[in-house]
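Enquirer: Encoded as structure tokens, here's the structure I'll be asking about.
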Amino acid sequence: MAGIIGSILPIFYFWKDIKDVIGNPFDFSKFVSNPNYTEHISFIERFHSDFSKIIKSYAGNSRVYVFIDDLDRCEIPKAAELMQALNLMISDEANIYFSIGMDRKVISAGLAAKNEQIFKYLKMDGPNHGYGLEYGYNFIEKFIQLPFKVPSPKSVDFLKFLPSANKIETPLNPSEPVDKLSVSEDPTPDKSPERDLKPSKNGNSNKETGTIDQNNDETVSNKQEIQNDKDCVEDYETSKLILKMVSSALDNNPRRIKQFINQFRFQRTIGKRTGLFSYNKGTAPENMWNCKKLAKFVAISIKWNSIISALNSNRVLLTILQEYALKPENEDKNLEKWIRDERLIEFLRYGCVEESNPSKNAAEYTLSGLDLSKLLQVSPVIVYPEESMSGSLLPSIDEMEFVRIPAGEFMMGSPSDEEGRSDNEGPVHKVTIKNPFYLGKYPVTQKHWTVVMGSNPSRFKGDNLPVESISWNDVQEFIARLNEIEGTERYCLPSEAEWEYACRAGTTTRYSFGDDESKLGDYAWYSNNSGLKTQPVGQKKPDPWDLYDMHGNVWEWVQGRWHANYEGAPSDGNAWDGDSTYHVVRGGSWNDNAMDCRSAYRGRYGPDDRSPNVGFRLLRKL
């Protein structure tokens, strides 16, 4: 008993000392005598009380509305802190109402990022499993009393941004200066294979002039220019149509719509003055810019700027995306971030599809097959290093295959007794190729043409088909751009002598495989086996130097000018210049007979002529 008392006494004296210091924690007498609890309320309650007094002093009994827009545009941590501050200001007493405009997902992510360290105590695995967003959403829902979505304005509502929408815009005065250097001289006319070349004015036969016109019909290069800008007037209906098309893609956001209108007007005006809408009569409508297509491009540059950035390394990207939107097959992982964007795909389909069927007006809306070069002069592409996609979307020019052609000598032309010979193939003369060179293993394909030029003028479409319907001047532009891209001057057309030297590959016979015409089908696509169209390159047997399609498929441009015969021809293999307005093509095509596919056969075209029979092959200097 004494021991128990001895243990209790120290505790009693210790309690007495504590009471003397902090007082009796169980003494409620002062609260009973003074029932005013204002000294003991929490900070948040006191803040709400003071805040209510401030509001009342300024507004009396009136209601106060506070609008806070674009909360999600703050830096994410700051947005989370601001959200907590707003939560602090909300009380049940003050006549103050907060209307907050925000992206709930962004704010939820900000709250999750700010409080990520507490997830492990809440048995959450973190944002990788979506729990962070759930935490953020729950935080918001605790004080958002009435969530709602702001109704989207209609496209016609944006017409008020166009003060001249009820006025017809005056067309560009023909006397106003136009930068002709930026205007394509000869976009591809839709020529039929039977109307490829003009017959010689001196009365020579088709065989002698290299004409591949089977019906001997006369054709003249059509250079009549048209303006494809009928939809560029700014009247009510046209403006309404364009705004209806782009408003949904731009989230019906008035700020973005204003930005679109200003940018579209600017590019439309500059485009008119740089020939963006100028084309030769006969150009396919789907390959021509108009204002509806320009409006689509401008909207994409605002909403999906990464696409415009990627155009720097792949000018055919819009064509790929447009074709996928209309026929979603063969997904490319490099395009995943765009083809998975339903709004983008739907925007690309606009005007091109009606009730799941191709629209009869699709040519007025499609972004496939357009030449972006002139437009990007007006809207230069801004490239972000981290977004550079060079070589990632389509095979680059580096993937073009070349064959090393050795130096050597050969007899150029055909002997007088060769079957099917023309006078322009003689006299036979010795040519010395002093330096080796590389020659394309195949004719240039549409795949590689579009990588460089951004559009595909060919009549017969297919990545691995030879590009055709291109003039000699078009090819010079391709070569100039390719050399600029590669930072070199190595690419060019072969001279006529270099081409025949490579085609013969050491032989002296009618064809590189011999004189037997019946074997031509093993080596070439020509009128007897082509189905009257081009065929994928590399499908037939090569010549002895491993070059494909040197006979048939498409005629191939060479560098030199046309001469009636080889009198005075250079003996060193260089391109033969002269006063003729024609340039030489060699090799025959899908539309020609066996005689025209001989190693020595020569044809000619004007520098601006385009034909679905004619393509080219690149030479690369060592």
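The values are calculated or read from the model by the stated rules, or taken from the named source; none is laboratory data. Keep in mind the model is a prediction, meaning the values are calculated, not measured. Neighbour counts are summed over all protein chains in view; Cβ atoms, including those assigned to glycine, are modelled from backbone coordinates with ideal geometry. In case anyone asks, the SASA skips ligands and DNA or RNA and just uses the protein heavy atoms, side chains included. Shrake-Rupley method; radii C 1.70, N 1.55, O 1.52, S 1.80 Å.
Enquirer: Amide H of SER495: which non-local residues (sequence gap of 5 or more, or other chain) have their own amide H closer than 5 Å, using H built in the peptide plane?
Expert: Placed amide hydrogens put GLN559 under 5 Å from SER495.
Enquirer: If you don't mind, there's one more thing I want to ask. What do the square roots of 5 times the Cα gyration tensor eigenvalues come to for segment 236-382, in whole Å, largest first, as semi-axes of the equivalent ellipsoid? Before the final figure, lay out each step's value.
Expert: Working: eigenvalues 87, 66, 60 Å².
They are 21, 18, 17 Å, listed from largest to smallest.
Enquirer: For segment 576-622, what is the accessible area per residue in Å², given a 1.4 Å probe and the full set of protein chains? Mind showing how you got there, number by number?
Expert: On the way: 1070 Å² over 47 residues.
Accessible area per residue: 23 Å².
Enquirer: With viscosity set to 1.002 mPa s and temperature to 20 °C, compute the Stokes-Einstein D of segment 402-621, Rh being the Kirkwood radius across alpha carbon pairs; µm²/s, no decimals. Write out the running numbers ahead of the final one.
Expert: Values: Rh = 17.1 Å.
Using the Kirkwood radius from Cα pairs, D works out to 125 µm²/s.
Enquirer: Give, as a single signed number, the net charge of other residues whose beta carbon lies under 15 Å from the beta carbon of VAL431, with Lys and Arg counted +1 and Asp and Glu -1.
Expert: Values: positive: LYS430, LYS434, ARG504, ARG586, ARG602; negative: GLU409, GLU425, GLU496, GLU498, GLU500, GLU567, ASP572.
So the environment of VAL431 carries a net charge of -2.
Enquirer: Any idea what the dipole of segment 236-382 comes to, in debye rounded to 20, about its Cα centre with Lys/Arg Cβ at +1 and Asp/Glu Cβ at -1?
Expert: Values: 23 positive and 15 negative charges, 169 e Å.
Charge dipole, segment 236-382, about its Cα centre: 820 debye, nearest 20.
Enquirer: Report Rg(Cα)/(2.2 N^0.38 Å) for segment 485-581, keeping two decimals. The partial results should precede the final answer.
Expert: Details: Rg = 15.4 Å, N = 97, 2.2 N^0.38 = 12.5 Å.
That works out to 1.23 for segment 485-581.
Enquirer: Among THR274, SER309, LEU250, flag the residue with its Cα farthest along the positive direction of the charge dipole of segment 236-382, charges on Cβ as +1 for Lys/Arg and -1 for Asp/Glu.
Expert: It is THR274.
Enquirer: Could I ask something else about it? So which trypsin sites (Lys or Arg not before Pro) in segment 412-486 end up in coil per DSSP with only 15 or fewer other C-beta atoms within 10 Å?
Expert: Values: sites: ARG421, LYS430, LYS434, LYS441, LYS447, ARG459, LYS461, ARG481; in loops: ARG421, LYS434, LYS441, ARG459, LYS461.
Sparse-neighbourhood loop trypsin sites (Lys or Arg not before Pro): LYS434, LYS461.
Enquirer: Next up: Amide H to amide H under 5 Å from VAL64: which residues, 5+ apart in sequence or cross-chain, H placed 1.01 Å off N in plane?
Expert: The list, which skips near neighbours in sequence, is ILE96, TYR97.
Enquirer: Going by Cα centres, segment 484-533 and segment 545-598 are how many Å apart?
Expert: 10
Enquirer: In debye to the nearest 20, how big a dipole does segment 402-621 give about its Cα centre with +1 on each Lys and Arg Cβ and -1 on each Asp and Glu Cβ?
Expert: Here the size comes out at about 660 debye.
Enquirer: Let me ask another. Looking at this model, which pairs from LYS337/LYS360; LYS430/LYS541; LYS434/LYS540; LYS281/LYS360; LYS272/LYS293; LYS293/LYS337 are more than 19 angstrom apart at the alpha-carbon?
Expert: Details: LYS337/LYS360 30 Å; LYS430/LYS541 28 Å; LYS434/LYS540 30 Å; LYS281/LYS360 21 Å; LYS272/LYS293 14 Å; LYS293/LYS337 23 Å.
Check vs 19 Å cut-off fails for LYS337/LYS360; LYS430/LYS541; LYS434/LYS540; LYS281/LYS360; LYS293/LYS337.
Enquirer: How much of the accessible area of segment 402-621, in percent, comes from carbon and sulfur atoms when a 1.4 Å probe is used? Working shown, then result.
Expert: Details: 3470 of 7850 Å².
Reported share for carbon and sulfur atoms: 44 percent.
Enquirer: With +1 assigned to the C-beta of every Lys and Arg and -1 to the C-beta of every Asp and Glu, and no other charges, what is the dipole magnitude of segment 401-450 about the Cα centre in debye, to the nearest 20?
Expert: Values: 6 positive and 7 negative charges, 95 e Å.
The dipole magnitude comes to about 460 debye.
Enquirer: Near the amide H of PHE402, under 5 Å away, which other amide H atoms are found, from residues 5 or more places off or on another chain, if H is placed in the peptide plane?
Expert: Residues meeting the criterion, in which the H sits 1.01 Å from N, are LYS441.
Enquirer: Using the Karplus equation 6.51 cos²θ - 1.76 cosθ + 1.60 (θ = phi - 60°), what ³J(HN,Hα) coupling, rounded to whole Hz, does each residue of segment 500-517 give in order, writing x for Gly and Pro?
Expert: Per-residue couplings from phi come out as 5, 4, 6, 5, 5, 6, x, 9, 10, 8, 4, 10, 5, 9, x, 9, 7, 4 Hz.
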